[in-house]
Amino acid sequence: MDPLYEDGLGRSALEFVSASTFEHQANLSDLHAYGERKLPDLSEAFQLPEHGQGSLSSVRTLWDLCTRYAANTTGPRYFDFVIGGVLPAALAADWVTGTFDQNAAGRITGDLATEVEILVMRWFKELLGLSMDWHGVMVPSATYGNLAGLACARQWWGQQLGVDVIADGTGGLPPIKVVGSSFVHPSVEKTLQMLGMGRKCLTRFDLTDPETGLARMREALAGSGPAIIIASAGEVNGGRFDPIARLAQVAQETGAWLHVDAAFGLIAAFEPSLAANVHGIHMADSIAADGHKWLNVPYDSGFALIRDKEIARRTFGMPNAPYLEDLAGESPGFASLGPDASRRARAFPVFAALLAYGTAGIRDMVKRQMAAISCLVRLLDDSTGYRILVRPTLPIVTFRAEPPGVPEPELDELNQAIFSKVNATGHFAVGMTAVAGRKALRVALLNWGVTDAIAQELFVELSATLAEIGK
Ligand SMILES: Cc1ncc(COP(=O)(O)O)c(C=O)c1O
């Protein structure tokens, strides 16, 4: 039988995935962070087959590989990186996205994908107090959000100097000046690399003492011509924020473009007790963020918000494509308003998640995570073995094993050993970072299923691991 038509158009494969996913979800709260780590050589195990094994068998093979070797990042014990989980409604909506497979490049496959994206971006504009004239577009990631925002900034910068960068490039222009704090994420530097601005154009200012740091920044920008200021909204070790409103003031005084990297910090706007951290964001010229971290929707779910829609249109326009007529005109598709051409309907899972839980539901999730991180902080503070290095602004904390009697030169090795042991045991995934050159542990409690009890379990694991290794 023709394999494309066997199995009732894949019915048994879909039923298998549905039933297995349901069971997986039912056990989510008990899931350890890791299964087996040592993957066999896949090129030995699998050759490109001449004759396929059928959809049920192939999907079962993939499912088995995932349950055995994939990290359980959707479970509430995975605290490495800044990952977040997947809300059930967002997961189901992600299936719907694949089922209908719209090309959200434009309106070729109908208006739905484009209009849902416009709606979702409108909701974020409302949340952040942005004017409705702002342009919003979904991109693959926060890195792409930074790319989109800074590509527009570069176009603006060229225009200030009388050059249309998208047509003529940056040749002959002076180096661009970009300033930010010590919080600037490496993805911003990657973006500067990719945009041909060169990552060395970035100068960092220490804003620990904002008066001194901002005065230095002002001095550096005075008379330097058009420049770009980067504000970080949620850095990776504690979710700390730059003073966005004050950076906006510097941008206004010096005539600079303000770009805010709010990769996950944006979600703080949902919870009143955290929202002051994003105060001033409406004064930015561009904002990057994403839903795949703290909003708990699946990858890939980045956002770019740009104040000047005309600059976005110029930067991302795709001229000379007569077969893509609907990408231009009064109501162009997102292929002319963002970095991608063909793209999935990325807005669908975000739409479903916000519709399913509402702002109150997201707020409750954030509150639960803040309660869990406070619980962990209390336990760490009361312990004799661990010391907190970066206190959480958002549900992320960085701490270090510093048990009494262990000399400083041995502490990096000790922390590295704890990190390796906890992750090898697999009950939890914890992260590793460095603060002022000293190795430290970091956990991000951004999963929707995290609870105080799980935070306590993590502390017990950390204490037991320290006791065992420190013997
Ligand atoms: C502040 C910040 N900006 C940007 C990024 C890059 O995000 P993405 O991995 O979605 O590109 C991260 C990733 O953790 C981040 O923490």
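The values are calculated or read from the model by the stated rules, or taken from the named source; none is laboratory data. All values derive from a computational prediction rather than experimental measurement. Glycine also receives a Cβ, built like all others from the backbone with ideal geometry; neighbour counts cover every protein chain displayed.
The numbered conditions (1) in a helix (DSSP H, G or I); (2) free of Cβ contacts under 8 Å to residues at least 60 places away in the same chain; (3) of a type in the set (D, E, K, R) are all true for K38 except (1). Checking each residue in region 364-390 for being surrounded by 22 or more Cβ atoms within 10 Å (Cβ to Cβ) and part of a strand (DSSP E or B) picks out only Y386. Among the residues of region 430-471, those identified as surrounded by 15 or more Cβ atoms within 10 Å (Cβ to Cβ), in a strand (DSSP E or B) and not hydrophobic (A, V, I, L, M, F, W, C) are G431, T433, K439, R442. Residue by residue through region 47-57, note down the ones that are in contact (Cβ under 8 Å) with a residue 12 or more places away in the chain and loosely packed, with under 14 Cβ neighbours inside 10 Å. If the condition is that a residue be in contact (Cβ under 8 Å) with a residue 12 or more places away in the chain and loosely packed, with under 14 Cβ neighbours inside 10 Å, then H51, G52 are the ones that fit.
Looking at I228, I281, just one residue is touching a strand residue (DSSP E or B) at 6+ places or on another chain (Cβ under 6 Å), buried (at least 21 other Cβ atoms within 10 Å of the Cβ) and closer than 25 Å to E126 by Cβ, and that residue is I281. Those helices (runs of 4 or more DSSP H) of region 69-185 in which at least 1 residues are assigned by TED's automatic domain parsing to the domain that holds G213, within 16 Å of the ligand (Cβ to nearest atom) and not hydrophobic (A, V, I, L, M, F, W, C), considering only elements entirely within it, cover 142-160. Residues in region 297-320 that are under 17 Å from F81 (Cα atoms) and over 10 Å from the mean Cα position of the chain (by Cα): V297, P298.
Conditions (1) closer than 30 Å to G431 by Cα; (2) in contact with a His (Cβ under 6 Å, 6 or more places away or on another chain); (3) surrounded by fewer than 22 Cβ atoms within 10 Å (Cβ to Cβ), marked per residue:
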{"position": "A71", "(1), (2), (3)": "yes, no, yes"}
{"position": "F79", "(1), (2), (3)": "yes, no, no"}
{"position": "L91", "(1), (2), (3)": "yes, no, yes"}
{"position": "F100", "(1), (2), (3)": "no, no, yes"}
{"position": "G106", "(1), (2), (3)": "no, no, no"}
{"position": "V116", "(1), (2), (3)": "no, no, yes"}
{"position": "E126", "(1), (2), (3)": "no, no, yes"}
{"position": "H135", "(1), (2), (3)": "no, no, no"}
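Just one of the listed residues (T393, T359) is touching a residue at least 60 places away in the same chain (Cβ under 8 Å) and assigned to a loop (DSSP other than H, G, I, E, B), and it is T393.
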